[in-house]
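The structure appears right after this line, and notes come after that.
No value in this document is a laboratory result; all are computed from the given coordinates. This is a predicted model, so every value here is computed, not measured. Cβ placement follows ideal geometry from the backbone for every residue including glycine, while neighbour counts extend to all protein chains displayed.
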Amino acid sequence: MTARAQEPAGADPARPIETPEGLASRFEDGRPGVAYIKPKVLFLKTEALYDAPVPLSIHLPSSGIGSISLLEAACLTALVRIVRPRRIFEFGTFLGYSTSLFLANSGPGCQVVSVDLGDVTESLAGAAGYSDAELRSDDRKNDDHLRLTQARMGPLYLRDLAEDDRARLTLLHQDSRTLDIKGLGLEGAVDFVFVDGGHDLETIASDTERARRMLGGSGVIVWHDFNSGIHGEVTRYMTGESQKDVILSVPGSMLAVGLYGEARETALNAAFRPG
Ligand SMILES: C[S@@+](CC[C@H](N)C(=O)[O-])C[C@H]1O[C@@H](n2cnc3c(N)ncnc32)[C@H](O)[C@@H]1O
């Protein structure tokens, strides 16, 4: 038997898992690792959940540095439609693009909480002078540029929210590494977390630890910037995570997805299969 034949399904991004059944058996296999899946696996599961065609609500992402791509937006919103969360927490509001997707694709009872640093204009003013080449090659400079852009522009994608959506959104302004999860009533009270804040190892580890406490054992964590050409520490961290559990990723995207507890069972449940 060759080494490749012994690999779990989806280990090679060039041969992603193509069906919901393939995904279910990947979890039955039980071995940890990154499992690459085609986006249609998520879309099939979403369709199977609803009687009518599923309206994903997505507007075009900015082509500038710092947000997510259209493929990532489609996968992220499909996941929200599958999980039907009661509370979503986001690390890294930036201009509010992904936050706006969460609001537009979750139910009217779903609370959305997002954290970003707020005003860092004075401390990071120097980041305004970085060249495009620097931003595309230097992890730290890229992060400081995002922090400054967020402080200068604010959450512009959230400007025209309907009143109902505004009422279920909470924007926190602080360093995520100092968040008091318990004090905020978020411990075990969140079922969908998007980790897309600072990209250094210390921040990812801290945000992930808080994300786990928010889930309390059941729910979904989506990390952004896995396999990024710039933010290598996210890839390093996620490689460590994938040695403990199955982490899903869609080739061509920088999303990494962890399904935990009941949410994993629900997502793999037969009721979610087409037919
Ligand atoms: C890549 S952007 C988020 C993009 C956004 N999720 C989207 O897709 O539209 C990262 C954001 O994380 C914020 N950030 C970085 N370090 C942070 C920290 N320690 N605490 C809170 N926010 C942080 C930055 O200010 C920046 O706005």
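Distances over 24 Å make up what percent of all Cα-Cα pairs in the range 130-264?
38
Which value, in debye to the nearest 20, describes the size of the charge dipole of the chain about its Cα centre when Lys and Arg Cβ atoms bear +1, Asp and Glu Cβ atoms bear -1, and nothing else is charged?
Using Cβ point charges on Lys, Arg, Asp and Glu, the chain gives about 600 debye.
Please state, rounded to one decimal and in Å, the Kirkwood hydrodynamic radius that the range 68-137 gives when every pair of distinct Cα atoms enters the mean of 1/r. Intermediate results must be reported in sequence, preceding the final value.
On the way: mean 1/r = 0.0706 Å⁻¹.
Roughly 14.2 Å, rounded to one decimal.
State log₁₀ I(q)/I(0) for the range 184-248 at q = 0.25 Å⁻¹ as given by the Debye formula over alpha-carbon point scatterers of equal weight, solvent excluded.
-1.12
For n ≥ 4 DSSP H runs only, could you compute -39500 (n - 2.57) per run for the chain, divide by its residues and tell me the 222 nm figure to the nearest 500?
-11500 deg cm²/dmol
How long are the three semi-axes of the equivalent ellipsoid for the range 37-93, computed from the Cα gyration tensor as the root of 5 times each eigenvalue, in whole Å, largest first? Let's see the in-between values first.
Details: eigenvalues 92, 41, 21 Å².
In descending order, the three semi-axes are 21, 14, 10 Å.
Using each residue's phi in the range 59-65, evaluate 6.51 cos²θ - 1.76 cosθ + 1.60 at θ = phi - 60° and report the 3J(HN,Hα) Karplus result to the nearest Hz, with x for Gly and Pro.
Per residue, the Karplus-derived 3J(HN,Hα) values read 9, 4, x, 5, 7, x, 5 Hz.
As an exercise, identify the chymotrypsin sites (Phe, Trp or Tyr not before Pro) in the range 40-112 lying in DSSP coil whose Cβ has no more than 15 other Cβ atoms within 10 Å.
Working: sites: PHE43, TYR50, PHE89, PHE91, PHE94, TYR97, PHE102; in loops: TYR50, PHE94.
Sites meeting the loop and neighbour criteria: TYR50.
Please report, in whole Å³, the volume per residue of the convex hull around the C-alpha atoms of the range 1-95.
Per residue, the Cα convex hull of the range 1-95 comes to 153 Å³.
Semi-axes, largest first, in whole Å: what does sqrt of 5 times each Cα gyration tensor eigenvalue give for the chain?
The answer is 29, 23, 18 Å, longest axis first.
For helix 20-29, what angle does its Cα long axis make with the longest principal axis of the chain, in degrees from 0 to 90 and rounded to 10?
For helix 20-29, the angle is close to 90 degrees.
On the principal axes of its Cα set, how long, how wide and how thick is the range 75-114? Give whole Å, largest value first.
24, 20, 14
Using the Cα centre of the chain as origin and beta-carbon charges of +1 (Lys, Arg) and -1 (Asp, Glu), tell me which of ASN227, ALA167, PRO39 is placed farthest towards the positive end of the dipole.
PRO39
Find the all-direction average of the projected area of the Cα convex hull for the range 111-171, expressing the result in square nanometres with one decimal place.
About 4.9 nm², averaged over all directions.
Give me the tail of P(r) for the range 1-52 as a percent: Cα-Cα pairs with distance above 13 Å.
59
Report relative contact order for the chain in percent, whole number only (criteria: Cα-Cα under 8 Å, sequence separation at least 6).
This gives 23 percent for the chain.
Taking 8 Å as the Cα distance limit and 6 or more residues as the minimum spacing, I'd like the relative contact order of the range 1-102 as a percentage.
Across the range 1-102, relative contact order equals 21 percent.
Mind pulling the angle between the C-alpha long axis of helix 70-83 and the longest principal axis of the chain? Nearest 10 degrees, somewhere in 0 to 90.
Helix 70-83 sits roughly 70 degrees off the main axis of the chain.
Quick one: dipole size for the range 1-137, taken about the Cα centre, charges +1 on Lys/Arg Cβ and -1 on Asp/Glu Cβ, in debye to the nearest 20.
Working: 12 positive and 15 negative charges, 94 e Å.
Computed charge dipole of the range 1-137: roughly 440 debye.
So between LEU156 and LEU49, what do we pick up on full extension, going 0.36 nm a residue minus the alpha carbon distance?
Contour length minus the Cα-Cα distance gives 35.3 nm.
Could you check which residue among ASP143, ASP29, ASP12 shows the biggest mean-square fluctuation in a GNM of the chain with a 10 Å Cα cutoff?
ASP29
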